[in-house]
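The values are calculated or read from the model by the stated rules, or taken from the named source; none is laboratory data. Nothing here was measured: the structure is a model prediction, and the numbers come from that model. Cβ atoms come from the backbone with ideal geometry, glycine included; neighbour counts cover every protein chain shown. For the accessible areas, the whole protein counts, side chains as well, though only heavy atoms, and no ligand, DNA or RNA atoms are used. Shrake-Rupley method; radii C 1.70, N 1.55, O 1.52, S 1.80 Å.
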Amino acid sequence: MDLGLSRVDYLQVGVTSQKTMKLLPASGRKATQKVVIGDQDGVVTCFGMKKGEAVPVFKTLPGEKIARLELGGALNTPQEKIFVAAGSEVRGFTKKGKQFLAFNTNLTENIKAMHISGSDLFLGASYVYNHYCDCKDQHYYLSGDKINDVLCLPVEKLSCITPVLACQDRVIRVLQGSDLLYEMEVPGPPTVLTLNNGNGGDSGEEVLFGTSDGKIGLVEISGVSPVEKWKIENEKKRGGILCMDSFDILGDGVKELIIGRDDGMLEIYNFEYAKSPILRYEYALSESVTSVQGGCVGKEGYDEIITSTYSGWVSGLTTEPTHRECGSGDGLKMTHEMQNKVLSLRNELEQLQIKVLHEREKYQQSSQSSTAVSAVPTFSINDKFTLNRDDASYSLVLEVQAAIDTVLLQCDVPIDLKDVDKNSAVVSVVDCESEPNGNFLLATYRCQVNTTRLELKILSIEGRYGTLQAYVTPRVQPKTCQVRQYQIKPLSLHQRTHCIDRDRKGEGYFKSDNISTISILKDVLSKEATKRKINLNISCDINEVSVNHTLKLIHPKLEYQLMLAKKVELLDALKELQAHEGNTDFLIPEYRSILEEAEELLKEHKKQPTSLERLYGMITDLFIDKFKFKGTNVKTKVPLLLEILGSYDQKALIAFFDSAA
């Protein structure tokens, strides 16, 4: 796919939330479109482009943080009315900026998600879904977990109202009135829903979803049960999905799928020769892509992809060629329009510099006064703490509207920090005496200049639960910091299951292949029940065969890590032999293969430096927990177990587990 796109920055507003930017329908066939965007300052801004400059159409006064922005209007007419959700209120504006609606829903929770269809309004708060028609309450549903997005299948195609909820517990729920019609489990927590091709496809029942761990899928929401059409894994380990759109950027009559991620990646997929989309183009922005939509904004006749980012930048990736002309010399000659734009930017920059100097002098003079009060600057943090199923690690993402200076991590339970390729910060870890002060981890990340996003990988230990705290300090004056807290759960590496027997009352029945999982549950439930003075009866039925089964499940991973460690250990000696002999012809094929794969082996070992120790820890816990259920303390035999693991043999390890008592 030959697609050359050029980036153009149009305007910057305040910090933006997910899905808060839209393009108004064009007034003519070849006319450019207006952009409308809402920010966390509560301001709705509408602008268009004229001669390369952003020209405001209207701008509202500041107010409560805008969580969602949608377009609406009568069915089968241009959707050009603007609706914004802020707090528990929904406001409506015309395309000229006149407010025609102020609907207070009286919800106890702030609105997180919104969808408009004709006179129907669909809202999702944290756990509560509400449906209104002409601002009158129609239906209500209490979700089992947080609602991340809400959608309704096109009424004009299906002649019935079918709401769809994306919920944090990895489930898409389909409703009928106030009742749950059915639910579908998806590979990750769904964060965004959108209609396929913008209209639900030919049937009107096709819904695209994106997850917080970066997966994409298409499901058909039929009247009886859902049908999964296709699914794309996040093989490149990129960020979560925040926004999606379908737009024909190639102009070939087939709409491409446009994806915006929270790590700044913008991706374009097309369906050429395939049932599922194939990645054809990608572009890296420096911060989260909160909204994306295809259209024509900058110049008529040139389609583009409009994006908004977390810090409020509205940019376009346009098909318009860059305006450069060859001069008589060796350089490039700018067009008259570009020269005027550069001159205008220089004048604006000079005025800003003068204004900054004036305000700095004014601040310094006022700070010398005895009555002066220093104002603490406020700043927004966009954070995410999620479990990665593939490598059993947690991803902590911190994004700030200003450049980050330092991030201090403190944790009261043992955790390990893992290197992230995208992370250029310098880390300093302090040795802690855990028991006296409750600090198992103290680490400081010093960020490079202009770093606004920091991604960290954290390895937890199941059974050790507590709180991770992040102290975030941006490069602002006077110095200030915000603290964010994240819970490390007892079964931190487990995920929720949705196969539940709903007939049982007042009891829980837990099954696992791993005895250590049951041991952790037993200890935590007993501790919490004692704390709350609840009478709790716990009985355990242990199957001895499960221990050997768990060891066999661990075996491939342990064998791979041991082989990797052995190969890395041999590398230095093999390289020395190669340098001494001048070639590798004298080596056996196995050793030659290690030298050929040296770069990949070192890279893989660097990515997982503590994997072997974690596997040893799991086996040790399994050994202790097996005999703990029998009432036997075998901690004195742990050194012998570690010796066997040092010269690992699966049969010897299983024999040791069977014979120890």
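When residues of segment 341-375 are filtered for being part of a helix (DSSP H, G or I), over 30 Å from Lys50 (Cβ atoms) and either at pLDDT 80 or above or not polar (S, T, N, Q) (or both), how many remain?
Of the residues in segment 341-375, 7 are part of a helix (DSSP H, G or I), over 30 Å from Lys50 (Cβ atoms) and either at pLDDT 80 or above or not polar (S, T, N, Q) (or both).
For residues that are closer than 24 Å to Glu185 by Cα, open to solvent by less than 60 Å² (accessible area, probe 1.4 Å) and not hydroxyl-bearing (Ser, Thr, Tyr), tally how many sit in segment 140-157.
Total meeting the criteria: 10.
Given the conditions (1) within 23 Å of Val15 (Cα to Cα); (2) modelled with pLDDT of 90 or more; (3) aromatic (Phe, Trp, Tyr), which single one is not true for Tyr394?
In the conditions (1) within 23 Å of Val15 (Cα to Cα); (2) modelled with pLDDT of 90 or more; (3) aromatic (Phe, Trp, Tyr), Tyr394 misses (1) alone.
Which is of a type in the set (S, T, N, Q), open to solvent by less than 20 Å² (accessible area, probe 1.4 Å) and in contact with a strand residue (DSSP E or B) (Cβ under 9 Å, 6 or more places away or on another chain), of Thr194, Thr211?
Answer to the selection: Thr211.
Filter segment 520-570 for residues that are among the polar types (S, T, N, Q), open to solvent by 80 Å² or more (accessible area, probe 1.4 Å) and out of contact with any Leu (no Cβ under 9 Å at 6 or more places or on another chain); which is modelled with the lowest pLDDT?
Checking each candidate, the answer is Asn535.
Among all residue pairs at least 6 apart or on different chains, which show Cβ distances below 8 Å where the first residue, located in segment 46-61, is among the small types (Gly, Ala, Ser) and the second is surrounded by fewer than 15 Cβ atoms within 10 Å (Cβ to Cβ)?
Gly48/Val55; Gly52/Glu337
Just wondering, is there one or more residues in segment 19-40 that are open to solvent by 20 Å² or more (accessible area, probe 1.4 Å) and assigned to a strand (DSSP E or B)?
yes
Could you please tell me which pairs satisfy a Cβ distance under 7 Å, a separation of 6+ or placement on different chains, a first residue in segment 585-606 that is in contact (Cβ under 8 Å) with a residue 60 or more places away in the chain, and a second residue that is surrounded by 12 or more Cβ atoms within 10 Å (Cβ to Cβ)?
Listed by first residue and then by second, the contacts come to Lys606/Asp419.
Determine, yes or no, whether Tyr273 is in a loop (DSSP other than H, G, I, E, B) and either of a type in the set (Asp, Glu) or at pLDDT below 95 (or both).
Criteria met by Tyr273.
Quick check on segment 1-18: of everything there that is open to solvent by 50 Å² or more (accessible area, probe 1.4 Å) and outside any loop (DSSP other than H, G, I, E, B), which residue is nearest to Gly312 (Cα to Cα)?
Only one residue fits best here, namely Gln12.
Mind checking which residues of segment 149-181 are within 17 Å of Val84 (Cα to Cα) and either among the charged types (D, E, K, R) or in contact (Cβ under 8 Å) with a residue 60 or more places away in the chain (or both)?
Passing the criteria: only Asp149.
Would you tally the residues in segment 610-631 being at pLDDT 85 or above, open to solvent by 30 Å² or more (accessible area, probe 1.4 Å) and β-branched (Val, Ile, Thr)?
1
Read through the list (1) open to solvent by less than 70 Å² (accessible area, probe 1.4 Å); (2) modelled with pLDDT of 80 or more, then give the number of the only condition that Thr378 fails.
Every listed condition holds for Thr378 apart from (1).
Could you tell me which residue of segment 72-96 is surrounded by the fewest Cβ atoms within 10 Å (Cβ to Cβ), considering only residues that are hydrophobic (A, V, I, L, M, F, W, C) and not in a strand (DSSP E or B)?
By that ranking, first place goes to Ala74.
Anything in segment 97-123 that is closer than 14 Å to Gly72 by Cα, assigned to a strand (DSSP E or B) and touching a residue at least 40 places away in the same chain (Cβ under 8 Å)? List them, or say none.
Met114, His115, Ile116, Ser117, Asp120, Phe122
Go through segment 585-598 and count every residue that is open to solvent by less than 60 Å² (accessible area, probe 1.4 Å) and more than 22 Å from Ala565 (Cβ to Cβ).
Counting residues in segment 585-598 that are open to solvent by less than 60 Å² (accessible area, probe 1.4 Å) and more than 22 Å from Ala565 (Cβ to Cβ) gives 0.
Evaluate the following for Lys299: is it within 30 Å of Gln40 (Cα to Cα), modelled with pLDDT of 85 or more and exposed (fewer than 15 other Cβ atoms within 10 Å of the Cβ)?
No; evaluated as a whole, the condition is false for this residue.
Restricting the search to segment 409-465, which residues are within 22 Å of the chain's Cα centre (by Cα) and assigned to a loop (DSSP other than H, G, I, E, B)?
Across segment 409-465, the qualifying residues are Asp419, Val420, Asp421, Lys422, Asn423, Ser424, Ala425, Cys447, Asn450, Thr451, Thr452.
When only residues in segment 41-69 that are open to solvent by 50 Å² or more (accessible area, probe 1.4 Å) and among the aliphatic types (A, V, I, L, M) count, which is farthest from Lys95 (Cα to Cα)?
Looking at the filtered set, the residue picked out is Leu61.
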